[in-house]
Every structure is written in structure tokens, then in C-alpha cells.
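Colleague: One structure coming up, written as C-alpha cells, with questions to follow.
Bear in mind that the values in this text are calculations on the coordinates, not laboratory data. Keep in mind that this is a model prediction, so the values were computed, not measured. Here Cβ is always computed from backbone atoms with ideal geometry, including for glycine, and neighbour counts include all displayed protein chains.
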């Protein structure tokens, strides 16, 4: 680590001071001079001659735990300028110092101006923090705008919302395929019993994948997209199975006989699963190979009720899950390397259904109370939580899954 970066991390010099030092030496500031991959929170000013673009990017950066929005450029650590470049491009300029000096410029394109702007925001995040950006991610989730639980997709800030199902019945747990071209979900469509369906987003056609006797739930693709985990009860009790990507050749992995087996989530390398079981009396998290052997309980030691695990694919040492605490539900993170858990949400409302974004730091989750359900972004390092919609907007939203190219 250079002395300058060390001093910056310690708060003894500012980003503006580094820029001024470079100018005094008669050289251009390289953005690598001031990129810091620590836990600092940068004061950020977002500017654009296009008010819609400015407001969009302010909303995006408001969700990110590494940034605090400033009301003016003076005194900000960074200025990010977003300028439209045609109908599907945005010119990004990253500036710092007083007066602001351009450290980096590039044009980012997308399928629309909005898409290009969110991708440009991801470039700015990567250039200044070293983290992968998540603004250009896509969500699938359950919405009740029609009065029924239907499957939707949208961008991270809930723009370009598309209703995929119109079953007028119950749909739950939509999950992306790794290629972003398919979504699997559990639906009560047609039979009134839970079956697993797939929606092809290229053709918008749906087909039933798993329609065995009993309940068919919890479908989730493996990281390579070739296999699918699920929970089936056709043999009597809910058990974890793994089959091919179309749900065929399903092999039973658990033989617990308990009343709860649910929510299998894949390890990043596709070799293991974490799932929920009440085999020892109460719902807890268990880990096993995809062959069904080497099963053991994860010592979360934080609650008598642990559920809804999600394995962090950017940091395999971490999982997020929902835990009961003090008469409500909160989100916790377990670290395998430290062998300990910690709660990452606070507040009076339930926090449930966590899903990691691609940077391994933020989560999409559902904030729930008696009168509302909204999707929110959580920074697991600082605890900063930002709702993605106002209460009452779009009806109740829940069960989000995240995907990015």
C-alpha cells in the first residue's frame, strides 16, 4: 500500500489533496492514485444537464453504502457527471479536486438511455471503489398490483416493470437462470396445487417443469445452469432433490422425514447446497454435497428459527439468511471463515428473503409489516437500508431475485 493511500484510509489527507498534489507536480491525476478499496464512505455529487438522468442516478447511488450524496460539488470527494450520448449511450466523467478535475471519461451504451445510465453508474463504482456495480441488475419478484400474486421483472429501481404471469392465482419464489433468459417459479396455476413452471423470456412462453403428485417447490438453477435443486413431497414428506435443468431425472438427496425441508441454495462452485430443515426440532440451516452426503448443521447460533438462506457467490465464506429475533424477523450473515453470525438489519419491521447482489456486499430483501411489503437494498457493511419503492406504490412487492449480465 502506498503512503498516500494509507494516509487517505486513515483520513489524514483528502481525495482533493491528492488531486492538488498531482497538479502541483505538473502531471495528470490517474484515477488509480485515489481508488480505495476499504470501507470509507465517499461524499458524492451527481450532476447532469438532463434532470431525469440526474434524478435516476441519484436514486441509484443513494442505495450504495460506499457513497453519501452531497448537495453541491464543492467539498465532495467525487463528482460523477452523466451526459446523454444519443438514444442509447451515456458519457461518464469522474471528477475530483477543487476545482474538479476529470480523472476518467468514457461512453457507456445500453439497450436504452436508462439502461446505459445504470451501466455507467456501475463503471463509476468500479473505477472508484474496486467493487462490481449492481445498478444495471435485473429483478424478478412477486407483485400484487392486480390483487393476485403474479411474477414480474424490472430493473433495480423498478423501472421497465413487466408482468409475466396473469394466472389470477398464487405464484411464489421466482428465480433467474444464470443466462438471464429463463425464470422458474412455483405456481398454483391450473391444478390449484404447487407445481414448478419455467418462463422463457425470449418467447414469453411458459411450460410446466415439475408437476409430480404432492408439492413441487423451491426450484433454483445451479451456477452453470445445467441442474436444478427443488423440494418435492411426492414420496411422502418434503425432501431436497436435484435434477437436470428441466426438472427431469430428479435424485432425492435428503432422507429426513421432517415436516420442513426448504430453500436449497447452491454454492458458487455448484458442489454443495445449503437448505433449511427441522430435523432437530426447529428450522435451522444445513450444508451437504450435491450427492446428499457429508450433511452437517451450520452453527449459526443466533436464533432458534433460521430460514431462507442465500449463498454469496462473490464471497463464498458468507451466507445471508432470515432469523427470528424479539418477536420479528431480521436478516443475518454467517461467515464460515469466522464461524459466527451477525444481524445486519435493525428496526421495527420484518426483514426477510435476502438475495445477494453481484458485489458480495449488498442484499435485496423484503421489508414487511402488517400494512406494507416493499423491496429494499441493504449494505451489509454499514447497515444502510434503502427502499426501492414508496409504501403503497405498485402494491405489495416481495420475494425478489437478482441477476446481472
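Colleague: Rounded, prolate or oblate: which fits the stretch 154-268, taking a ≥ b ≥ c as square roots of the Cα gyration tensor eigenvalues, rounded meaning a/c under 1.5, else prolate when a/b beats b/c?
Modeller: Taking the square roots of the gyration eigenvalues as a ≥ b ≥ c, the stretch 154-268 is prolate.
Colleague: To the nearest Å, what is the center-to-center distance of the stretch 174-208 and the stretch 41-106, using C-alpha atoms only?
Modeller: The distance from the Cα centre of the stretch 174-208 to that of the stretch 41-106 comes to 38 Å.
Colleague: Mind giving me the nanometre distance, one decimal, between the label points for residue 200 and residue 382, set 7 Å out from Cα along Cα→Cβ?
Modeller: 4.4 nm
Colleague: What angle, in degrees between 0 and 90 and rounded to the nearest 10, separates the Cα long axis of helix 15-24 from the longest principal axis of the Cα atoms of the chain?
Modeller: Roughly 40 degrees, rounded to the nearest 10.
Colleague: For the chain, set up a Gaussian network in which alpha carbons nearer than 10 Å are linked by springs, and say which option among 258, 192, 234 fluctuates the most.
Modeller: 192
Colleague: Rank 228, 295, 204 by mean-square fluctuation in a GNM of the chain with C-alpha springs under 10 angstrom and give only the top-ranked residue.
Modeller: 204
Colleague: Please identify, among 96, 337, 173, the residue showing maximal mean-square fluctuation in a Gaussian network model of the chain using a 10 angstrom Cα cutoff.
Modeller: 337
Colleague: I've got another one for you. Classify the stretch 41-153 as rounded, prolate or oblate, taking a ≥ b ≥ c as the square roots of the eigenvalues of its Cα gyration tensor: rounded when a/c is under 1.5, otherwise prolate if a/b is larger than b/c and oblate if not.
Modeller: Judged from the Cα gyration tensor, the stretch 41-153 comes out prolate (a/c at least 1.5, a/b above b/c).
Colleague: Under 1.5 on a/c is rounded, so check that first for the stretch 241-291, then, if it is not, pick prolate when a/b is larger than b/c and oblate when it is not; a ≥ b ≥ c are the square roots of the alpha carbon gyration tensor eigenvalues.
Modeller: Verdict is oblate for the stretch 241-291.
Colleague: For helix 113-129, what angle does its Cα long axis make with the longest principal axis of the chain, in degrees from 0 to 90 and rounded to 10?
Modeller: Taking Cα atoms only, the helix is inclined about 70 degrees.
Colleague: Something else about it: Can you give the helix-only mean residue ellipticity at 222 nm for the chain, where every DSSP H stretch with n ≥ 4 adds -39500 (n - 2.57) and the sum goes over all residues, rounded to the nearest 500 deg cm²/dmol?
Modeller: -3500 deg cm²/dmol
Colleague: Take peptides 216-222, 315-321 and line them up by average Cβ neighbours within 10 Å, highest first, as a rough protection proxy.
Modeller: Ranking the peptides 216-222, 315-321 by packing returns 216-222, 315-321.
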